[in-house]
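J.: Dropping a structure here in structure tokens format, bear with me for questions.
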Amino acid sequence: MYPEVSLEDARAAKDECRKQLAKGIDPGVARKAQKAARASKAANSFEVVAREWLKANIDPKADSHGKRVYARFENDIFPYLGSRPIADITAPELLDVIRKIENRGAGDTAHRTLGSCGQVFRYGVVTGRCEKDITADLRAALKPVEEQHFAAVTIPAEIGGILRAIDSYRGTLVVRSAFRLAPLVFVCPGELRTAKWKNIDLDDEQWTMKISKRDDSKPRRNDVDEYLIVPLPRQAMEILSPNPSSGLPASKRFLRKSTAVKLF
């Protein structure tokens, strides 16, 4: 309607309607068909299909893993291809977007993102939104990721230097205590970081740790313990024991501090 539609555009629309009528096409039906086609493309956009796949396949997994996968799509894929119909995306287009990740030095992330995109395209094939997984043509297009091992001390004589460095660390009490406990209990850094007072038994000198890396989607084995008992050596007990100046027995002092808050 005027003034939103100029006279020039109105005349062009009128001429187009006349052409359609001359071909035996009802302009009203044609407009409805075009609107339906646009709605269908929006419903079948890459982002819509990807979020369906994410909800079905990633949401049930660990939160930390899900956050990483969602971040790859939301930061590196959706801004460039999210609004495109998944069936219209070509392999060169996807490769151009993936190479933006690779060019910033995140080769491993580029490979993982391409793999996730491949799963979205395969989901699109299964649900009838696209005809093929275009990532199959891109598997050799990215640079191979160089395998890098985590730094580790392999010479026994060098362990003393690490222990001396830990002993001389002058950070906060919490971090200093965690550093000192690490070589005494030999647990994963994440397990140590999320340790809770309620699981530390100072009387029996042990730490009862629930095994966290367990896939709840798989059936439980009866011969595998759900909890791990970590013995606490004398040095660990000295780090964990509350200040004895209160005059209370260790068990009483422990109960006073026994809460659900994290140690580290």
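All of the numbers you see were taken from the coordinates with simple rules; none came from a lab. Because the structure is predicted, anything quoted here is derived from the model rather than measured. All Cβ positions, glycine included, derive from the backbone under ideal geometry; neighbour counts span all protein chains shown.
J.: Within the stretch 138-203, which chymotrypsin sites (Phe, Trp or Tyr not before Pro) sit in a loop by DSSP and count at most 10 neighbouring Cβ atoms inside 10 Å?
T.: Sites meeting the loop and neighbour criteria: PHE150, PHE186.
J.: Separate question: Which three lengths, in whole Å and largest first, does the stretch 46-138 cover when its Cα atoms are put on their principal axes?
T.: For the stretch 46-138, the Cα extents along the three principal axes come out at 32, 31, 21 Å.
J.: Same structure again: Would you mind counting up the charge near GLY171? Only other residues with Cβ under 15 Å from its Cβ, with Lys and Arg at +1 and Asp and Glu at -1.
T.: Numbers: positive: ARG170, ARG176, ARG180, ARG193; negative: ASP167.
Cβ neighbours under 15 Å give a net charge of +3.
J.: Tabulate in residue order the Karplus-calculated ³J(HN,Hα) for the stretch 134-144, using 6.51 cos²θ - 1.76 cosθ + 1.60 with θ = phi - 60°, rounded to whole Hz; enter x for Gly and Pro.
T.: Running phi through 6.51 cos²θ - 1.76 cosθ + 1.60 with θ = phi - 60° gives 6, 5, 4, 7, 10, 5, 9, 7, 8, 5, x Hz.
J.: For the stretch 83-233, what is the charge dipole size about the Cα centre, in debye to the nearest 20, if Lys and Arg each add +1 at the Cβ and Asp and Glu each add -1 at the Cβ? All intermediate terms of the calculation are to be shown ahead of the outcome.
T.: Numbers: 23 positive and 22 negative charges, 88 e Å.
About 420 debye.
J.: Could you give each residue of the stretch 160-175 its phi-based ³J(HN,Hα) in whole Hz, using Karplus coefficients 6.51, -1.76, 1.60 with θ = phi - 60°, and x for Gly or Pro?
T.: x, x, 5, 5, 5, 5, 5, 5, 8, 5, 10, x, 5, 4, 5, 5
J.: HN-Hα J couplings of the stretch 92-100 from phi, Karplus 6.51/-1.76/1.60, θ = phi - 60°, integer Hz, Gly and Pro as x?
T.: My calculation for the stretch 92-100 gives x, 5, 5, 4, 4, 6, 5, 5, 4 Hz in order.
J.: List every residue whose amide H lies under 5 Å from the amide H of LEU228, counting only residues 5 or more places away in sequence or on a different chain, with H placed 1.01 Å from N in the peptide plane.
T.: It is MET209, LYS210, ILE211, by chain and number.
J.: Would you mind counting up the charge near GLU131? Only other residues with Cβ under 12 Å from its Cβ, with Lys and Arg at +1 and Asp and Glu at -1.
T.: +1
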